[in-house]
Amino acid sequence: MNTKVLKSKVSLKQPKINVITLGCSKNIYDSEVLMGQLRGNNLNVVHESDKMGKDDIVVINTCGFIDNAKQESIDTILQFSELKEAGKIGKVVVTGCLSERYKPELSAEISNVDAFYGTNDLQDILKELGADYKHELIGERLLTTPSHFAYFKIAEGCNRPCSFCAIPLMRGKHLSRPIEELVNEAKILAKNGTKELILIAQDLTYYGLDIYGKRNLDDLMRRLSDIPGIEWIRLQYAYPSGFPMEILDAMNERENICNYLDMPLQHITDNMLKSMRRGTTKQKTIDLVNQIRDKVPNIAMRTTLICGYPGETEQDFEEMKNWVANTKFDRLGCFTYSHEEKTHAHSLVDNISEEVKQQRVEEIMEIQQGISFDINQQKIGQTFKVLIDKKEGDYFIGRTEYDSPEVDNEVLIDAKIDYAAIGSFVNVKINRAEDFDLYGTLVEMKF
């Protein structure tokens, strides 16, 4: 009897492992895999919990991509290391890109962190946390997103030589995951209610070259498309140089492959593209965008751009502004250049002030705001299939196939008028549109 009581007390006192995720969707995926392994070891794991006890362990999955992300990661490490110092939590473990890139500096500066690990140290992290790596759990994840969509990482690392990018320093060379492994993982997700797979990698379009000897993304898309329950497949992070046009054939063939493509182009002038080592030219970029739109006429194209790269002249910037205005991307994000150590561009003089960089970003986004408004106005009166992500205040909020979570437009449905189950697909007629939001009413439910 006493033994049973003792065991009960021990299990109740098992410390929580609280995983904090910073940075991009690739980090979200990595955290989910880690949490799946921890749960498989019967450990008490939570994601970004506000409630922590003095014996609890915090694992911080950091980002080290650009200055702002690095600062956020450092601030988070300091925050939890101070909680440990005050006796409010038991242990702090740091992993991810910042830790991969700056482990010696971090461990010297923040000495009360218990351990620092890199991006490929999953088994070592598990050991640190008292867990074993379980091969039978490959494909098992503890989703941090709503269960109806999941980020789906098909490859790790990158072989591209882009001058501004530190990702190969943190993530290593490109390594594709085998198709069978990915199909099995997708089947597990579908069985657990996932309807949308958002394919991510540093470079989707390189997929397969390292293990199959050819670009194989179109084959993978078709295999995933065949899985019952998967209603949307979305492509993020396609690289323009060597773009495999076959993926557009798969997009046209399969209804459950979204007419959506995220292709970060970074810049448009020849001298910037050359200095950035992008492997393409202005004319090739323009031709590629036109070819993609010709082949999939109703595709939504998203891109991201960098302002203030070393040597970017007023003429370069004006040329990029004109190109953005003329090309009319459906979605566009813009970032200021970050001068990163050990990248090729770090040898260049970072000669543009932060104020000018920020001003250029704002000018580009102002142009895009107008483009987005005009495109959205054209959608008034049309009906779209919408996936409901959440309810906030008086609105159910969802997305069309032309929108990725967090970064793209949203569809708002008045909850006082209509009801839409979270994770369900509904048909929505658009009756009002703003710069980045659409408002509509349900016209038909789909279960």
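The values are calculated or read from the model by the stated rules, or taken from the named source; none is laboratory data. It should be emphasised that the depicted structure is a prediction, and the values quoted were computed from it without experimental measurement. Cβ sites come from the backbone with ideal geometry, for glycine too, and all protein chains shown count toward neighbours. All accessible areas refer to the heavy atoms of the entire protein, side chains included, with ligands and DNA or RNA removed. Shrake-Rupley method; radii C 1.70, N 1.55, O 1.52, S 1.80 Å.
When both the stretch 132-182 and the stretch 213-273 are represented by their alpha-carbon centers, they are found 16 Å apart. Couplings 3J(HN,Hα) of the stretch 70-87, computed from phi: 4, 5, 4, 5, 4, 4, 5, 4, 4, 4, 7, 5, 5, 5, 5, 4, 7, x Hz, in residue order, whole Hz [Karplus 6.51 cos²θ - 1.76 cosθ + 1.60, θ = phi - 60°; x for Gly and Pro].
Return the FRET efficiency for the residue pair Ile286, Ala415: r is the Cβ-Cβ distance, R0 is 35 Å, and the value is rounded to the nearest 0.05. Write down the numbers at each step before the final one.
Numbers: r = 44 Å, r/R0 = 1.24.
After rounding to 0.05, the efficiency reads 0.20.
Provide, for the stretch 139-215, the number of lysine pairs with alpha carbons under 21 Å apart, each pair being eight or more places apart or on different chains. Counting lysine pairs in the stretch 139-215 gives 7. Per-residue 3J(HN,Hα) values for the stretch 394-409, derived from phi via the Karplus relation 6.51 cos²θ - 1.76 cosθ + 1.60 with θ = phi - 60°, read 8, 10, 7, 10, x, 9, 8, 5, 8, 9, 9, x, 6, 9, 10, 4 Hz in sequence order (x marks Gly and Pro).
For Val45, list long-range residues whose amide hydrogen, built 1.01 Å from N in the peptide plane, is under 5 Å from its own amide hydrogen. Amide H neighbours of Val45: Ile17.
Between Asn112, Val93, Leu182, whose Cα lies farthest towards the positive end of the dipole of the stretch 52-192 when Lys and Arg beta carbons carry +1 and Asp and Glu beta carbons carry -1, centred on the Cα centre? About the Cα centre, the residue reaching furthest to the positive side is Leu182. Normalised size of the stretch 20-179, defined as Cα radius of gyration per 2.2 N^0.38 Å with N residues, equals 1.03. Placing +1 on the Cβ of every Lys and Arg and -1 on the Cβ of every Asp and Glu, with no other charges, gives the stretch 1-149 a dipole of roughly 800 debye about its Cα centre.
A straight chain from Phe373 to Lys390 at 0.36 nm per residue would run longer than the Cα-Cα distance by 3.8 nm. Relative to one another, the C-alpha centroids of the stretch 279-334 and the stretch 391-434 are positioned 29 Å apart. Run the paramagnetic zone check for Lys328: 7 angstrom along Cα to Cβ, then residues of the stretch 376-412 with backbone nitrogen under 12 Å. Taking a point 7 Å out along Cα→Cβ of Lys328, the residues of the stretch 376-412 whose backbone N falls under 12 Å are 376-379. Rolling a 1.4 Å probe over the protein heavy atoms of the stretch 207-319, with every protein chain left in place, gives an accessible area that is 46 percent carbon and sulfur.
Pairwise Cα separations in the stretch 326-447 fall into 5 Å bins from 0 onward with the following percentages, short to long: 2, 11, 17, 17, 13, 10, 9, 7, 6, 5, 2, 0. For the chain, relative contact order (Cα pairs under 8 Å, six or more residues apart, normalised by length) works out to 9 percent.
Quote the relative contact order of the stretch 286-388 in percent (integer), defining contacts as alpha-carbon pairs under 8 Å separated by 6+ residues.
On the way: 93 pairs, mean separation 33.3, N = 103.
Relative contact order, the stretch 286-388: 32 percent.
Label-to-label distance, Asp210 versus Gln79, with points set 7 angstrom from Cα along the beta-carbon direction: 3.3 nm. Taking packing as the residue-averaged number of other Cβ atoms within 10 angstrom, the listed peptides 15-22, 380-387 run from highest to lowest as 15-22, 380-387. Computed over the Cα atoms of the stretch 375-447, pair by distinct pair, the Kirkwood hydrodynamic radius stands at 11.8 angstrom.
Phi angles across the stretch 420-429 convert, under the Karplus curve 6.51 cos²θ - 1.76 cosθ + 1.60 with θ = phi - 60°, into 3J(HN,Hα) values of 9, 5, 5, x, 9, 9, 9, 9, 10, 8 Hz, Gly and Pro given as x.
In Å², what does the accessible area per residue of the stretch 350-393 work out to with a 1.4 Å probe? Write down the numbers at each step before the final one.
Values: 2370 Å² over 44 residues.
Per-residue value: 54 Å².
Please state the relative contact order of the stretch 354-434 as a whole percent: Cα pairs under 8 Å, 6+ residues apart?
35
Inter-label distance, Lys295 to Ile422: 3.8 nm, where each label sits 7 Å from its Cα along the C-beta direction.
Can you give the alpha-carbon Rg of the chain over 2.2 N^0.38 Å, where N counts its residues?
Numbers: Rg = 23.1 Å, N = 447, 2.2 N^0.38 = 22.4 Å.
It is 1.03.
Simple rule: put +1 on each Lys or Arg Cβ and -1 on each Asp or Glu Cβ in the chain, find the dipole, and look at Ser49, Gly193, Leu332; the Cα lying farthest toward the positive end is Gly193.
The modelled label-to-label distance for the pair Lys173/Gln14, using points 7 Å beyond Cα in the direction of Cβ, is 4.1 nm.
Split the accessible area of the stretch 356-447 by element, probe 1.4 Å, and carbon with sulfur accounts for 49%. Peptide packing: for 402-408, 224-230, the average count of neighbouring Cβ atoms within 10 Å per residue gives the ranking 402-408, 224-230, highest mean first.
Report the FRET efficiency, 1/(1 + (r/R0)^6), for Glu253 and Val349, where r is their Cβ-Cβ distance and R0 is 60 Å, rounded to 0.05. That pair, Glu253 with Val349, gives E of 0.75. Near Thr336, the amide H atoms lying under 5 Å from its own belong to Cys307; only residues 5 or more places off or on other chains count, and H is placed 1.01 Å from N.
The Kirkwood radius of the stretch 30-97, taken over pairs of alpha-carbon atoms, gives through the Stokes-Einstein law at 25 °C and 0.890 mPa s a diffusion coefficient of 191 µm² s⁻¹.
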